[in-house]
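The structure appears below as structure tokens.
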Amino acid sequence: MGVLVDQLLLKQAHAAPGAVARYQRLAWQVALKHRAGDHELRARFNRADAGSCSLNGPACSAEGYGATQLSLGYAYHVTAGFQTYLSFTKITNERNAQYTFSIGGSPTISGTTPRGADPEALGIGVRYAF
């Protein structure tokens, strides 16, 4: 079992008029993995709150910028260093949120997610460690 908590705080001391001067949001994750013999079940749930913001000028609202993600997976350990796996994941964005899948922190592989879209993915693969 694993638990992760992430507090994001962005500040611009000299933000241009109308630009975001401050944004803050809390995100968390709970991950579970259970192995029985050669079989392994995996589950993960993430939640990013909408947060709060302030602009250099007019009022700011972060309403509708939250999201959740659910991931489920199964792995079969063929040998000590070789496994096959299957996984499914879905992101549920609130109406203004654009969370998407990333590779190494970059969404360049998956592209930009439209506001409020709910991307999902299915993966199958092998892993060999030596």
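The values are calculated or read from the model by the stated rules, or taken from the named source; none is laboratory data. Source: prediction; values computed, not measured. Methodologically, a virtual Cβ is constructed for each residue, glycine included, from the backbone with ideal geometry; neighbour enumeration extends over all protein chains shown.
What the table below lists for this structure:
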{"read-out": "Residue within the stretch 82-98 that is in contact with a Pro (Cβ under 9 Å, 6 or more places away or on another chain), modelled with pLDDT of 90 or more, under 20 Å from Leu8 (Cα atoms) and not in a strand (DSSP E or B) present", "value": "yes"}
{"read-out": "Filtered residues of the stretch 38-72 (kept if of a type in the set (Gly, Ala, Ser), in contact (Cβ under 8 Å) with a residue 40 or more places away in the chain and not in a loop (DSSP other than H, G, I, E, B))", "value": "Ala48"}
{"read-out": "Residue list for the stretch 15-29, filter: among the aliphatic types (A, V, I, L, M), within 15 Å of Gly66 (Cβ to Cβ) and touching a residue at least 24 places away in the same chain (Cβ under 8 Å)", "value": "Leu26"}
{"read-out": "Number of positions in the stretch 8-37 that are in a strand (DSSP E or B) and more than 14 Å from the chain's Cα centre (by Cα)", "value": "13"}
{"read-out": "Residue match in the stretch 66-77 (condition: out of contact with any His (no Cβ under 8 Å at 6 or more places or on another chain) and surrounded by fewer than 14 Cβ atoms within 10 Å (Cβ to Cβ))", "value": "no"}
{"read-out": "Cβ-Cβ under 9 Å pairs, at least 6 apart or on other chains, the stretch 76-87 side touching a residue at least 40 places away in the same chain (Cβ under 8 Å), far side of a type in the set (Lys, Arg)", "value": "His77/Arg35; Gly81/Arg127; Phe82/Arg127; Gln83/Arg127; Thr84/Arg127; Tyr85/Arg42; Tyr85/Arg127; Ser87/Arg42"}
{"read-out": "Residue in the stretch 5-14 that is among the small types (Gly, Ala, Ser) and touching a residue at least 24 places away in the same chain (Cβ under 8 Å) present", "value": "no"}
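Yes/no matrix, rows are residues, columns are (1) more than 20 Å from Val126 (Cβ to Cβ); (2) in contact with an Asp or Glu (Cβ under 7 Å, 6 or more places away or on another chain); (3) modelled with pLDDT of 95 or more; (4) not hydrophobic (A, V, I, L, M, F, W, C):
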site	(1), (2), (3), (4)
Ala13	yes, no, no, no
Cys60	yes, no, no, no
Ala75	no, yes, yes, no
Ala80	no, no, no, no
